[in-house]
4 protein chains.
Amino acid sequence: MRYSLFGESHGPAIGVVLQGIPSGLVLDMDFISAEMARRAPGKTPLSTARSEKDAVEIVSGAFEGRATGTPLCGLIRNTDTRSRDYEATRWLARPGHADFTAQLRYKGFGDYRGGGHFSGRLTAPLVFAGAVAKLALKERGVEVLARIRQIGNIEDDALDLASPDREALRLAARKTLAAISDERGEAMREAILKAKGEGDSVGGVIECFVFGLPAGTGSPDFDENIESLIARHVFAVPAVKGLEFGAGFDFAAMRGSQANDAFLPSQDGRPRTLSNHNGGINGGIANGMPVVFRVAIKPTSSIAKEQDTVDMRNGEAAKLVICGRHDPCIVPRAVPVIEAAAALAMSELPGVLV
Amino acid sequence: MRYSLFGESHGPAIGVVLQGIPSGLVLDMDFISAEMARRAPGKTPLSTARSEKDAVEIVSGAFEGRATGTPLCGLIRNTDTRSRDYEATRWLARPGHADFTAQLRYKGFGDYRGGGHFSGRLTAPLVFAGAVAKLALKERGVEVLARIRQIGNIEDDALDLASPDREALRLAARKTLAAISDERGEAMREAILKAKGEGDSVGGVIECFVFGLPAGTGSPDFDENIESLIARHVFAVPAVKGLEFGAGFDFAAMRGSQANDAFLPSQDGRPRTLSNHNGGINGGIANGMPVVFRVAIKPTSSIAKEQDTVDMRNGEAAKLVICGRHDPCIVPRAVPVIEAAAALAMSELPGVLV
Amino acid sequence: MRYSLFGESHGPAIGVVLQGIPSGLVLDMDFISAEMARRAPGKTPLSTARSEKDAVEIVSGAFEGRATGTPLCGLIRNTDTRSRDYEATRWLARPGHADFTAQLRYKGFGDYRGGGHFSGRLTAPLVFAGAVAKLALKERGVEVLARIRQIGNIEDDALDLASPDREALRLAARKTLAAISDERGEAMREAILKAKGEGDSVGGVIECFVFGLPAGTGSPDFDENIESLIARHVFAVPAVKGLEFGAGFDFAAMRGSQANDAFLPSQDGRPRTLSNHNGGINGGIANGMPVVFRVAIKPTSSIAKEQDTVDMRNGEAAKLVICGRHDPCIVPRAVPVIEAAAALAMSELPGVLV
Amino acid sequence: MRYSLFGESHGPAIGVVLQGIPSGLVLDMDFISAEMARRAPGKTPLSTARSEKDAVEIVSGAFEGRATGTPLCGLIRNTDTRSRDYEATRWLARPGHADFTAQLRYKGFGDYRGGGHFSGRLTAPLVFAGAVAKLALKERGVEVLARIRQIGNIEDDALDLASPDREALRLAARKTLAAISDERGEAMREAILKAKGEGDSVGGVIECFVFGLPAGTGSPDFDENIESLIARHVFAVPAVKGLEFGAGFDFAAMRGSQANDAFLPSQDGRPRTLSNHNGGINGGIANGMPVVFRVAIKPTSSIAKEQDTVDMRNGEAAKLVICGRHDPCIVPRAVPVIEAAAALAMSELPGVLV
């Protein structure tokens, strides 16, 4: 299964073409809508005031409620666009954004309105594609579940990587702030609102698990290496700046005797390991333990505070005040996006869907 | 430019096929050999005692000292193989290694000796390929330089990401322990020898810079997104378990007002930024600042200490004592490997070499 | 530049996503519409009575009349669908069609109406994509021109492959029957109407030229070999069953001394050849002479005559009478489709657009 | 399964890297050597006098006589090189050859000796790769068999495409001239020797069958369309200038009522068709009938006769007399090469090997 996204924030529509969906997959629209709702803006003071229904029209590849197996195009019309918000600052490179690099890359011909093709809005069709991937994965017993691990300095409870509480993760996914601990979630909410109140934004970390991936899928080659595949998809999500598997950066200060996951005896030929520092992956191949990775999300670049920048027409110094509608913290809405990227990566892995 | 590695640790040879090398590139064999020497084993007590000359025979794609532009195959014969080291423990899954996953993936038909295709030895042709990539990149003004950022709890001095000391990095590359600070390097050496003395191993972090990447190269699409590309190559290197760009995981606790890199006025249409928290990349595209990333390397899985494991034939508990020759810390020799992966990723990026 | 088609004949819409369009390319909608009109059905008794306006909505990748360089999605709504035509014969495999193979491939979940994803209707977005490619190629001095070489037993005049009459080809393209000779075109028309009158259909050959392809583009490798690239695209067009370059199958009976194209002296470093039996390509690389290829198109599979077939539910014999609206000869409308496939193949070739 | 070729005619070695071989495949070296021998030069007056043993060393991806599943590199050393044959004519573009286009493509840095990377010698590793593919296909019940259909004006007997005589094809494959009819084969031999005697060469047509391809494999998409896949591989073989499936170019003069392959009743859900004009493929997908295609091979470009050409250094007219050792007709030795290309194409098709 492969996907290609298209669209601009203030163009006629955004969407995705999905190839390689298993023929006959039931397109459970309730599930798909619920996934879209997890990402949708405008629901709480934590997110942007832009209100998009994000209704997906499936214009191809579906027949009588099922995927046919031919390319499926999902289309989302843009409705609540306020392009005038961007007119005044068209030539001012917003710090942290892709305005300046996009200007160079597309030789000044890009659609600058609302970030154009670089808008976080493109994660809507990504979540749609991810929802279809999840439906396909579910039939193979594979489940992807993420939660907020950290926002600002607030960390959610640690989970045992060797046997994470799957039910707690499912419950967290239904919360506005997908933390395991309600108390920590409340603290995160306050941290976000505090940043918002100060015209600022805040970053965080999302932790994502893949359960049920068959041991032996993957490869050392970068085209099928599970870590390479997840990385390739996850780093294409806006605002992602870091990725680690299992113990990740904590490995640096560990000894081999601590880091190695001791194999446990087993009668069914599928040994478990005592710990899961390797995040379910050895040599790019799934070992049967849960796959675990963590993603660093930078603070939303669009902040209300005045910022120093330059005018892209002449390189001269300028002051920028951003007026559009923006999330003070993108992390809560990014949880289903990271799940989607992981689900799509796993759907691409030979031996999982086919 | 693309590459594919082949070979097994104890097979006849290992090697690489490189496609898309610019026609006429001078294959500076002194430079290539020097790069190979940076990775080669057997030089100090810090590395494995296996002694391989790692002489590369270029069997195609070169003529009269230059790359022709047709596929270049570099071949390295295996000479110092001691396969009997592995016979006794053939069926015991080494914790942290890919023995178990390889057994599943290749249905028991893999070459188990010395880790087979999963051996760190495959990084020799990778470094060779990276050296060729570096020669091609040099002609475009692009330079890749890495250093050890951390081993165990010892950290090297921090560099200013917005204007890292390039000369200091070049100097570090020539040291056995590629740290900027000699004092810190000495402390790292001691940490490694201490772990070795205890029959153990230790992990670390490598920091890598790409200088001179033209602003505007890259794309938001995962096939050409600089972060996705580097990630795809770097996670295919054995022992890599984490990757972060710029401020990386530190973004989580930052505010947008801190994290945003303010643009500075410029007359030449190529603005710089005051800070470089984004690691030279916005929206998957180079912004002209140095690209910076950090890679987490886990401690060598092969340790002298006795470990708990299972016999893969029957799943029963077993004790494992590893006898082969191994590095107590792979980080020093991984520095040129990470540079190679980065150089190859950049060589694949449209607009850099072609 | 790459494309992916989506859609079914009787679904909500058909379309295409185009990636890698040069930023700033002016999307000349008059030209694009004229190209669409060349393929559109319902204009003459030579084609199906289905009447589709084939209006393309560009929903992404365009801004202020130009391509941005981000993925461009062109969408065509299906309007004149008469699905009841297909209901009665849903389970009868139409000889020559993909009904039977699609049934197997998509496990019975495909959209059978009007041939679904296999419908010739999918060539509408292909022609749209080809029109965009032609606009991009035009800026590089590359032009693609095709004509009908043969319908039934009627052959159009032969052209000198070494210096084909480009103006005559341009004129032919504007005719309903794109033959150089009006007299031959008239004979073709009669052959088609005769077949139609007998409830039958007829096949043909299209000859296509690519002018202005820079000498030295292409490669012996199948990913960039010009012949491989054109073949890959052209054989994905429904009803294409043969492809030859230059002298093609006539080479079989030739001697080397005849077949070899003698080089002619030249002062500008770009020699011409006396003849062009190699169709402008040596070793997969353009030699500067016009690229010439011919494509065999089979007779329309849907004919009015009663045919023997089977019921796909039980494999039992059945009689089939096809009632939908169909072309008695697909060749005239296939001319811009083959041009589109060639233009898209050339746009993918490194060194042409980038 | 994918492959990449490397090497030059007069360089140290030529070879291939094969990825995705099924783990555990027995590498039957007798079969592989027999396949190599079918292509090897120097056996009869019909082929070049260059005598290469073409012994393949498998340097990776094999263990204890079986493929491991990791990349397999097969290496063939060049031994009987006589580079001085090419020195004198280095700057004279041989008509029909890739000398001129290679000069442009590789900016003058290519290895010109013996045609370098463009040499027919590169078909040796291709046949090796094809032999491995055939072994893998055999386990799935798929067999590829080709024969000479035509040399010069001499045609071999036609076969019934709906039920070709498989045993006759197997017998033909063992002959020096792989024709079904011995009498026709003898006539072909004479035609070749006659051309040789006149310092000339002659072309031909090869017909290739794929038996046992599972109905339902393939796709309308060019990446998995059987016709596109075979075309992509076959046109990368030197000297191939045409390809047709089933009735191919004969479709042009056919009526739909003749061309359509009527389905025959069947109890096992796998209907046969009465005729096989479509060559076993509808909509890019196998229909269960034998896949049949024909390939046009041009006369060997290297002929003994003096030819007109130019000096590539200055574009001035020159006379060329080619002195190297060459085949007067490449068709006999191309039979296993076309089989190899087809076997490799089929091994790449999803659902065949995996």
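Could you give the length gained on full extension between A:Glu306 and A:Asp160, defined as 0.36 nm per residue of separation minus the Cα-Cα distance, in nm? Numbers along the way, then the final one.
Working: separation 146, 0.36 × 146 = 52.56 nm, distance 4.28 nm.
Going from the current span to full extension adds 48.3 nm.
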Heavy-atom accessible surface of the protein assembly as shown: percent carbon and sulfur, 1.4 Å: 49 percent
With the Cα gyration tensor of the range B:66-166 giving a ≥ b ≥ c as the square roots of its eigenvalues, does the rule (a/c under 1.5 for rounded; else a/b larger than b/c for prolate; else oblate) give rounded, prolate or oblate? oblate
Taking every residue of A:88-98, the Cβ atoms of other protein chains inside 10 Å of its Cβ average out to 4
Quote the FRET efficiency, to the nearest 0.05, computed for C:Leu274 versus D:Asp182 with a Förster distance R0 of 51 Å and r equal to the Cβ-Cβ distance. 0.80
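Determine the dipole magnitude for the range B:2-347: charges of +1 sit on the beta-carbon of Lys and Arg, -1 on that of Asp and Glu, nothing else is charged, the reference point is the Cα centre, and the result goes in debye to the nearest 20.
Details: 41 positive and 42 negative charges, 142 e Å.
For this selection, approximately 680 debye.
Would you please give the FRET efficiency between D:Gln267 and A:Asp223, computed as 1/(1 + (r/R0)^6) with r the Cβ-Cβ distance and R0 = 60 Å, to the nearest 0.05? Please report the intermediate quantities before stating the final value.
On the way: r = 43 Å, r/R0 = 0.71.
The pair D:Gln267/A:Asp223 has a calculated efficiency of 0.90.
Calculate, for the range A:96-156, the solvent-accessible area per residue in square angstrom, rolling a 1.4 angstrom probe over the heavy atoms of the protein chains.
Working: 1820 Å² over 61 residues.
Roughly 30 Å² per residue, with all protein chains present.
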Sticking with the crude label model, points 7 Å out along Cα→Cβ, report the distance from B:Gln258 to C:Glu57 in nm, one decimal please. 4.7 nm
Give the long-range amide H neighbours of A:Thr273: residues separated by 5 or more places, or on another chain, with amide H under 5 Å away, using H modelled in the peptide plane at 1.01 Å from N. A:Leu264
Mind listing the long-range amide H neighbours of C:Arg149? Cut-off is under 5 Å, sequence gap 5 or more, other chains count too, H placed in the peptide plane at 1.01 Å from N. C:Val205, C:Ile206, C:Glu207
When a/c reaches 1.5 or more, the comparison of a/b and b/c decides; with that in mind, is the range C:296-349 rounded, prolate or oblate per its Cα gyration tensor? prolate
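Could you give the DSSP H helices of chain B that reach 15 angstrom or more along their long axis (alpha carbon positions) and whose average Kyte-Doolittle hydropathy is no lower than 0.5?
Details: long enough: B:29-39 (16 Å, -0.19); B:123-138 (21 Å, 1.32); B:182-197 (22 Å, -1.00); B:331-348 (26 Å, 1.01).
Qualifying helices, which must be both long enough and hydrophobic enough, are B:123-138, B:331-348.
Could you compute how much accessible area chains D and C hide from each other, both sides summed, with a 1.4 Å probe? Nearest 100 Å² is fine.
Values: alone 16720 and 16710 Å², together 26470 Å².
Roughly 7000 Å² of accessible surface disappears when D and C pair.
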A student applying the Cα gyration tensor rule (rounded when a/c is under 1.5; otherwise prolate if a/b is larger than b/c, oblate if not) would label the range D:107-228 oblate
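Report, as an integer, the average count of C-beta atoms from other chains found within 10 Å of each Cβ along B:200-208. The partial results should precede the final answer.
Details: counts 6, 6, 7, 11, 3, 4, 1, 0, 0.
Mean shielding by partner chains, rounded to a whole number: 4.
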Probe 1.4 Å, all chains present, heavy atoms only: B:Asp28 accessible area in Å², nearest 10, is 60 Å²
In the range A:244-259, which residues become less accessible by 40 Å² or more once every protein chain is in place, relative to the chain on its own, using a 1.4 Å probe? A:Phe249, A:Phe251, A:Ala252, A:Ala253, A:Arg255, A:Gly256, A:Ser257
Calculated FRET efficiency for the pair D:Arg313/C:Arg174, C-beta based, R₀ 45 Å, to 0.05: 0.50
Run the dipole for the protein assembly as shown about the Cα centre, Lys and Arg Cβ at +1, Asp and Glu Cβ at -1, nothing else charged, and hand back the magnitude in debye, nearest 20. 0 debye
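Report, in deg cm²/dmol and to the nearest 500, the calculated mean residue ellipticity at 222 nm for chain D, where each DSSP H run with n ≥ 4 adds -39500 (n - 2.57) and the sum is divided by the residue count.
Values: 9 runs with 93 residues, N = 354.
So the calculated ellipticity at 222 nm is -8000 deg cm²/dmol.
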Here is the link list: B:Lys107/B:Lys196; C:Lys134/C:Lys305; C:Lys241/D:Lys298; A:Lys107/A:Lys298; D:Lys175/D:Lys298. Which ones come out longer than 30 Å on Cα distance? B:Lys107/B:Lys196; C:Lys134/C:Lys305
Quick one: order A:Thr217, A:Thr176 from most to least accessible surface, probe 1.4 Å. A:Thr176, A:Thr217
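Per residue of D:225-234, what is the mean number of Cβ atoms on other protein chains within 10 angstrom of that residue's Cβ? All intermediate terms of the calculation are to be shown ahead of the outcome.
Details: counts 5, 2, 10, 9, 3, 2, 13, 10, 5, 4.
Mean shielding count: 6.
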Ignoring ligands, DNA and RNA, what accessible area per residue does the range B:245-354 give at 1.4 Å, in Å²? 31 Å²
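When only DSSP loop residues count, what trypsin sites (Lys or Arg not before Pro) in the range C:63-102 have their Cβ near at most 15 other Cβ atoms within 10 Å? Before the final figure, lay out each step's value.
Values: sites: C:Arg66, C:Arg77, C:Arg82, C:Arg84, C:Arg90; in loops: C:Arg82, C:Arg90.
Qualifying residues, ordered by number: C:Arg82, C:Arg90.
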Using modelled amide H (1.01 Å from N, peptide plane; none on Pro or chain starts), what sits under 5 Å from the amide H of D:Phe63, excluding residues fewer than 5 places away? D:Thr68
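The values are calculated or read from the model by the stated rules, or taken from the named source; none is laboratory data. These numbers were taken from a predicted model, which means no experiment stands behind them. Backbone-built Cβ (ideal geometry, glycine too); neighbour counts: all protein chains shown. These accessible areas exclude ligands, DNA and RNA; they are computed on the full protein's heavy atoms, side chains included. Shrake-Rupley method; radii C 1.70, N 1.55, O 1.52, S 1.80 Å.
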